1. So, in the range 128-173, exactly how many residues are touching a residue at least 40 places away in the same chain (Cβ under 8 Å) and either farther than 16 Å from GLU117 by Cα or crowded, with 23+ Cβ neighbours inside 10 Å (or both)?
2. List every residue pair whose Cβ atoms sit under 6 Å apart, with the two residues 6 or more apart in sequence or on different chains, where the first one lies in the range 53-80 and is closer than 26 Å to LEU110 by Cα and touching a residue at least 40 places away in the same chain (Cβ under 8 Å) and the second, anywhere, is within 16 Å of the ligand (Cβ to nearest atom) and of a type outside the set (Asp, Glu).
3. Mind checking which residues of the range 7-17 are in contact with an Asp or Glu (Cβ under 8 Å, 6 or more places away or on another chain) and either of a type in the set (Lys, Arg) or within 17 Å of VAL213 (Cα to Cα) (or both)?
4. Identify the residue in the range 178-194 that is small (Gly, Ala, Ser) and outside any strand (DSSP E or B) and, among all such residues, is nearest to VAL19 (Cα to Cα).
5. Being hydroxyl-bearing (Ser, Thr, Tyr) and touching a Cys at 6+ places or on another chain (Cβ under 6 Å) is the filter here, so list the residues in the range 43-98 that pass it.
6. Restrict the check to the range 185-202 and report whether at least one residue is buried (at least 21 other Cβ atoms within 10 Å of the Cβ), at pLDDT below 90 and under 30 Å from LEU103 (Cβ atoms).
7. Which of the residues spanning the range 208-245 are assigned to a loop (DSSP other than H, G, I, E, B), free of Cβ contacts under 8 Å to residues at least 12 places away in the same chain and within 16 Å of the ligand (Cβ to nearest atom)?
8. Which condition number does VAL197 fail, the rest of (1) in a loop (DSSP other than H, G, I, E, B); (2) within 21 Å of ALA84 (Cβ to Cβ) being met?
Amino acid sequence: MIEVRDLRVSYGGRPVAEVPELDVAAGESVAIVGESGSGKSTTLLSLLGLTEHAEVSGQVKVCGVDVMTASQKALRELRGARAALVMQSPQAALSPATRLGTLMRRALRLHGRDDPERAMAEAVEAVLLDPAILRRYPHEVSGGQAQRFAIALAIALGAEVILADEPTSALDVTVQAEVVGVLRRLRAERGLALLLVSHDLALVSTIADRVLVMKDGAVVESGPAARVLAEPSHPYTRELLEALP
Ligand SMILES: Nc1ncnc2c1ncn2[C@@H]1O[C@H](COP(=O)(O)OP(=O)(O)OP(=O)(O)O)[C@@H](O)[C@H]1O
């Protein structure tokens, strides 16, 4: 679902992210961890061609689309349906005067989906939300509900890949667990591929199969999550683990 080779992203000639290899298969979950400014978000955004004003080189394929050579139209289609970006605070991206159901219905119609009502009901159920939420406005739902709604919208539009940038860091701990539970379930039941950016190693240990550790724009360690978190080989990974509460 995601294949990256020799990705290099620079701003004004300054390299900010270099990723030699990153693969995420269907049903797999990979996390990129590292401190603030290490290049995690830049890496994620570059996979959908969303790093404006950056110099990007290497090979990037997402859902079979060659992101480096694809037309703007092909990239819009990729982002609009097959590969969804889930951000830290989805509420900010939702139109405040539009009910959630109206918003989802519009998005489904825009993408020419048959039977939007059924797709909406299925997606809302898949993220364990009460369908009554579709009658609410964005300010009437909690952060955790908004995040699950953002995931439901991605599912309804047919996402095969979810790229999530700190999807739970704006939420409190119990709500974080709900969102992670939903992502794990979707991965297991629908074979969703998940690429997650997080500075939260406790979260990562509950969801990721593999981990890439980034520092100052470079991948310093990567491997199975259980191995990297239990027996880190790089001093920086050990530092991150020691910083855990
Ligand atoms: N649009 C931009 N123009 C110039 N530099 C940028 C731009 N976006 C990011 N950078 C720089 O790239 C580097 C990596 O930033 P990035 O946001 O990818 O890190 P991060 O690990 O995701 O951190 P955070 O967790 O704080 O988001 C930083 O030094 C940042 O200042």
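The values are calculated or read from the model by the stated rules, or taken from the named source; none is laboratory data. As the structure is a computational prediction, the values presented were derived from the model and not from experiment. All Cβ positions, even for glycine, are placed from backbone atoms using ideal geometry, and neighbour counts span all protein chains on display.
1. Applying the first criterion (touching a residue at least 40 places away in the same chain (Cβ under 8 Å)) to the range 128-173 yields 128, 137-139, 141, 143, 146-147, 149-154, 156-167, 169-170.
The next check asks that each one be either farther than 16 Å from GLU117 by Cα or crowded, with 23+ Cβ neighbours inside 10 Å (or both); those that pass are 128, 137-139, 141, 143, 146-147, 149-154, 156, 159-167, 169-170.
Here the count works out to 26.
2. Every condition considered, the pairs that remain are VAL62/LEU47.
3. Answer for the range 7-17, where residues must be in contact with an Asp or Glu (Cβ under 8 Å, 6 or more places away or on another chain) and either of a type in the set (Lys, Arg) or within 17 Å of VAL213 (Cα to Cα) (or both): LEU7, ARG8, VAL9.
4. Quick first cut of the range 178-194, residues small (Gly, Ala, Ser) only: 181, 188, 191, 193.
Of the ones still in play, those that are also outside any strand (DSSP E or B) are 181, 188, 191.
Values: GLY181: 28, ALA188: 27, GLY191: 25 Å.
Among them, the one singled out is GLY191.
5. We begin by selecting, within the range 43-98, every residue hydroxyl-bearing (Ser, Thr, Tyr); these are 43, 46, 51, 57, 69, 71, 89, 95, 98.
Selection gives nothing.
6. no
7. Within the range 208-245, ALA243 is the sole residue that qualifies.
8. Here VAL197 clears every test but (1).
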